[in-house]
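Notes to accompany the following structure.
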Amino acid sequence: MKVLAVLYNGFKAAKQEPRLLGTVENKLGLSEWLSSQGHEFIVTSDKEGPNSDFQKHIKDAEILVTTPFHPGYLTRELISQAKNLKLCVTAGVGSDHIDLDAAVERNIQVLEVTGSNVTSVAEHAVMAILSLVRNYIPAHEMIERGDWQVADIARGAFDLEGKVVGSIGAGRIGSRILQRLVPFDCKELLYYDYAAMPAAVQASVNARRVKDIKDFVSQCDVVTVNAPLHQGTKGLINDELISHFKPGSWIVNTARGAIADREAIARALKSGKIAGYAGDVWDVQPAPKEHPWRTMKNTLGGGNGMTPHYSGTTLDAQARYAAGTRNIIENYFTGKPQNPADVIVGLGKYETKAYGQR
């Protein structure tokens, strides 16, 4: 059968570092295994437009492997053309680049490697929170320029201790972020989620659930976004919701870029309504060069903590999601049951509430 993978180019770095498994060059470590079984394995980064390798090969592929870091956007239109497609595997976590409703209708299974990058993303989010609150990035840039004006940095630097930090979404990643923040002696840890945390987890972080999102953001000094992208979360952080944020608060989004309105974020940062926005997820990936999040600044010339989407693709995470991808495909080949936690769409139905309470 044909297996199609849409991955990102590693170029020289991938040749120098074979553990960069999520690249076109290193092919998730699947190439020899699939070839030895007689399967055709197409790996490409070319994913945009009707003449792309992605759109040409999806028409007769049986298995599609994608990543959240360089997503091949599998639309309803492309699914209608993919007559042989039976299985979509996300090498990582987050399958919003696939039209899941269309997959349900076509009996196409959608699975992801649940838990493969939760630690990686949680660590990145804590790093991003600290970099914003401590005004770290402008301080480092000042040193690179050869300047030394401590007051210019200190006027925008604060302690995390004594602040209220809240997570939109308190699942595998959101709960781990809150757990990692416990030693910082925050004033309070909050969360907003459609479901309550398991009692043991909530007790371990002493987090308080706030059921109204406007009330939630109005109490937070730092808001970290850890929710899947679906109809209920797309554009959630918009002008109207931002109006309820504390003046001078910080936002860290390591979930999905489209959860935040790009122009609303840029306006809020420029006006000083928020003091900083950090994350490594964008509403289009790769982000266009003119994307406002690349260059937006707060009133002091800082507050931008954006990075390319790499929080969940550390070398450790790549080893986990590459192994998980192989396991999912192997189960498909042999007819073995899949790990239930990995299944987003089963045969003709959703198997999770993560992408909206379906």
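Nothing in this text is a laboratory measurement; each read-out follows from the coordinates by a stated rule. Keep in mind that this is a model prediction, so the values were computed, not measured. When we count neighbours, we look across all protein chains shown, and the Cβ atoms used for this are built from the backbone with ideal geometry, even at glycine.
Points worth noting:
- Neighbour-limited loop hits for trypsin sites (Lys or Arg not before Pro), the stretch 26-127 (at most 15 other Cβ within 10 Å; DSSP other than H, G, I, E, B): Lys59, Lys83
- Here Lys297 is the anchor, and the lysines within straight C-alpha reach of less than 20 Å, apart from those fewer than 8 places off in the same chain, are Lys246, Lys270, Lys273, Lys289.
- Helix 136-145 and the longest principal axis of the Cα set of the chain meet at an angle near 90°.
- In straight-distance terms, cross-link reach from Lys353 covers every one of the lysines whose alpha-carbon lies under 17 Å from its own, apart from those fewer than eight places away in the same chain; here that gives Lys234.
- Inter-part distance where the stretch 1-42 and the stretch 233-247 are each reduced to a Cα centre, Å: 40 Å
- Here the Karplus curve 6.51 cos²θ - 1.76 cosθ + 1.60, taken at θ = phi - 60°, turns the phi angles of the stretch 210-219 into couplings of 10, 8, 9, 5, 5, 4, 4, 5, 5, 9 Hz, with x standing for Gly and Pro.
- Efficiency of FRET from Cβ geometry, Lys59 and Phe11, R₀ 25 Å, rounded to 0.05: 0.35
- Cα-based reach from Lys56 at 21 Å (exclusive), listing lysines while leaving out same-chain residues under 8 positions away: Lys2, Lys27, Lys47, Lys83, Lys86
- Annotation note: trypsin sites (Lys or Arg not before Pro) in the stretch 283-344 located in DSSP loop regions with a Cβ neighbour count of at most 14 within 10 Å are Lys289, Lys297.
- Separation of alpha-carbon centers, the stretch 164-222 and the stretch 313-333, rounded to whole Å: 30 Å
- Computed 3J(HN,Hα) for the stretch 316-331, one whole-Hz value per residue from the Karplus formula 6.51 cos²θ - 1.76 cosθ + 1.60 where θ = phi - 60°, is 5, 5, 4, 4, 6, 6, 5, 5, x, 5, 4, 4, 5, 5, 4, 4, glycine and proline marked x.
- Taking amide H as placed 1.01 Å from N in the peptide plane, Gly279 has its amide H under 5 Å from the amide H of Asn253, Gly305, Met306, Thr307, each at least 5 places away in sequence or on another chain.
- Coupling constants for the stretch 118-134 follow from the phi torsions by the Karplus curve (6.51 cos²θ - 1.76 cosθ + 1.60, θ = phi - 60°), and in residue order they are 5, 5, 4, 5, 4, 5, 4, 4, 5, 4, 5, 4, 5, 5, 6, 4, 8 Hz; glycine and proline get x.
- With each label modelled as a point 7 angstrom along the Cα→C-beta vector, the Ala319-Ala199 pair spans 3.8 nm.
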